[in-house]
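> Sharing a structure, written as structure tokens. Questions coming.
The values are calculated or read from the model by the stated rules, or taken from the named source; none is laboratory data. Everything numeric in this text was worked out from a predicted model, so none of it was measured. Don't worry about glycine lacking a Cβ; one is built from the backbone with ideal geometry, like all the others, and counts go over all protein chains shown. We work out accessible area using only protein heavy atoms, side chains counted, and drop any ligands, DNA or RNA first. Shrake-Rupley method; radii C 1.70, N 1.55, O 1.52, S 1.80 Å.
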Amino acid sequence: MKVLFIAPTAVHQALIAGNIFLDWLPDDNLSNIDNFGDMRADATGMPLFIGKDENDTEVYTLGVGSEIDMLKKTIEDLRYILDYTEDDLVVYPIEIKGEPFLSLWAKLLAQLGWDYESPTIVTKSLKQRLPELRTIIENFKTELYS
Amino acid sequence: MIIIYHCFGGSHSSVTAAAVHLGLLGKNRIPSDEELMAIPYFDKTVNGDFGHIRFMGVDEYNNRIYVLGKKALGDRCNNTLIGIGRVLGSSEKVLPVNTMTSVNWLMKLGGFSSRRLGIVWPGRNLVSYGTRKAFFDLVNLVEITRLKSIQVEEMAI
């Protein structure tokens, strides 16, 4: 099975979600996450492979801008057209408070050349939302494997 | 193979390209307003259609032709569709085509008036006129796409 976390960028909320899913984020040190805030990894629009969990589930992230619901529909339609089901690919949108502001800020700074790491304000804000994100992902994982 | 023509609204340029691909419109002459309006989905989409990949038909090589309205995703949409195909292990089956490269300002203005503002009569006339002006660019894009699809099929064999 494959799990795809979608969010405005592939390298912020979605990447944190992927790392929580894989149990790779024991504390709130976001700088330990590979590619965190690296907008260069988000630039192409290709899904980003994060890793595999103990059940061999492959975890990916994808940045879709502000059109999260629309892209979810598109990906699920393509999955159906290609004759796959939710047993093969689960699309999970990550929607947390203040998200549009964070993404806009990260994208603006990326345009100005600051694309290699997460700006402090974005990192701080995401750290504050970490408990909420942990709960969301842990519930999702429980549901997925139940 | 699955060919997905995509544009902003999935209502005009992508639908026209798909119609040319499927032979619903001839390639050698500019279609009339009536012929354009007779194409399935042409200037008929609603907000809920954004993001849905809609089936248009099957071409003579058994390729399935679809259209998609992807809003302002631009070329990123190509990579996303190919990338999802790759994640599923079927990237060679997906050929996305961005038809926005053939869209002129008349189509943008007319499409916006007709679909977003709901001012159908002048908007539809404008978009129809713009589509006719862009028609041979779209035909060219379809021809390139058909060649690409044949090449991809040959490489797969």
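> Show which lysines lie in cross-link reach of B:LYS70 when reach means a straight Cα distance below 25 angstrom and same-chain residues fewer than eight apart are skipped.
Excluding near neighbours in sequence, the set is A:LYS2, A:LYS72, A:LYS73, A:LYS97, A:LYS107, B:LYS44, B:LYS93, B:LYS108, B:LYS133, B:LYS148.
> Also, I was wondering about something else. Taking chain A as the reference, fit the longest principal axis to its C-alpha atoms, fit the long axis of helix A:99-111 to the helix C-alpha atoms, and give the angle between the two in degrees, 0 to 90, nearest 10.
Roughly 60 degrees between the two axes.
> Here's a follow-up. So for chain A: antiparallel DSSP bridges make up what percent, rounded to the nearest 5?
Numbers: 4 of 15 bridges.
Bridges in chain A that DSSP calls antiparallel: roughly 25 percent.
> Evaluate the Kirkwood expression for the hydrodynamic radius of the protein assembly as shown, namely the inverse of the mean inverse distance over all pairs of different C-alpha atoms, and round to one decimal in Å.
Working: mean 1/r = 0.0488 Å⁻¹.
About 20.5 Å for the protein assembly as shown.
> Follow-up question, since we're still on this one. Express in % the proportion of alpha carbon pairs of the stretch B:20-64 at distances exceeding 12 Å.
Details: 693 of 990 pairs.
Here the tail beyond 12 Å accounts for 70 percent of pairs.
> Something else: How big is the stretch B:100-157 along each principal axis, measuring the range of its Cα positions in Å and listing the largest first?
49, 20, 14
> While we're on this one: Please report the net charge: other residues with Cβ closer than 9 Å to the Cβ of A:MET70, K and R +1, D and E -1. Don't skip to the answer; put the middle values down first.
Details: positive: A:LYS72, A:LYS73, B:LYS70, B:LYS71; negative: A:GLU67, A:ASP69.
Once all neighbours under 9 Å are counted, the net charge is +2.
> In Å², nearest 100, what accessible area do chains A and B bury in total when the solvent probe is 1.4 Å?
Working: alone 8230 and 8410 Å², together 14330 Å².
Interface area, both chains combined: 2300 Å², rounded to the nearest 100.
> At 222 nm, what helix-only mean residue ellipticity would the protein assembly as shown give, in deg cm²/dmol to the nearest 500, using -39500 (n - 2.57) for each DSSP H run of four or more? If you can, show how the numbers build up before the last one.
Numbers: 10 runs with 131 residues, N = 303.
Per the formula, -13500 deg cm²/dmol.
> Taking the 0 to 90 degree range and rounding to the nearest ten, how far is the long axis of helix B:120-156 tilted relative to the main principal axis of chain B, both from C-alpha atoms?
Relative to chain B, helix B:120-156 is tipped by roughly 10 degrees.
> Let me ask you something else. Give a residue-ordered list of calculated ³J(HN,Hα) values for the stretch A:123-140 (Karplus: 6.51 cos²θ - 1.76 cosθ + 1.60, θ = phi - 60°; whole Hz; x for Gly, Pro).
4, 4, 5, 5, 4, 5, 8, 4, x, 4, 5, 4, 4, 4, 6, 5, 4, 4
> Something else: Run the numbers on the stretch A:28-66: which residues show a drop of 50 Å² or more in accessible area, chain on its own versus all protein chains together, using a 1.4 Å probe over heavy atoms?
By number: A:MET46.
> Quantify, in whole percent, the carbon and sulfur part of the accessible surface of chain A (1.4 Å probe; protein heavy atoms only). Before the final figure, lay out the partial values.
Values: 3530 of 7060 Å².
Summing carbon and sulfur atoms, their accessible area is 50 percent of the total for chain A.
> Percent of Cα-Cα pairs more than 12 Å apart in the stretch A:1-64, please.
On the way: 1251 of 2016 pairs.
The proportion of pairs with Cα distances above 12 Å equals 62 percent.
> Here's something else I'd like to know. Given just the C-alpha atoms of chain A, how large is their convex hull per residue in cubic angstrom?
Details: hull volume 14.8 nm³, N = 146.
In chain A, the Cα hull volume divided by residue count equals 101 Å³.
> So, one more: How are the C-alpha pair distances of the stretch B:39-113 spread across 5 Å bins, as whole percents from the shortest bin up?
Whole-percent P(r) values from 0 Å outward: 3, 12, 20, 26, 22, 11, 6, 1, 0.
> For every other residue with a beta carbon closer than 10 angstrom to the beta carbon of B:LEU88, add +1 if it is Lys or Arg and -1 if Asp or Glu, then tell me the sum.
On the way: positive: A:LYS2, A:ARG79, B:ARG86, B:LYS93; negative: A:ASP83, A:ASP88.
Surrounding charge for B:LEU88 is +2.
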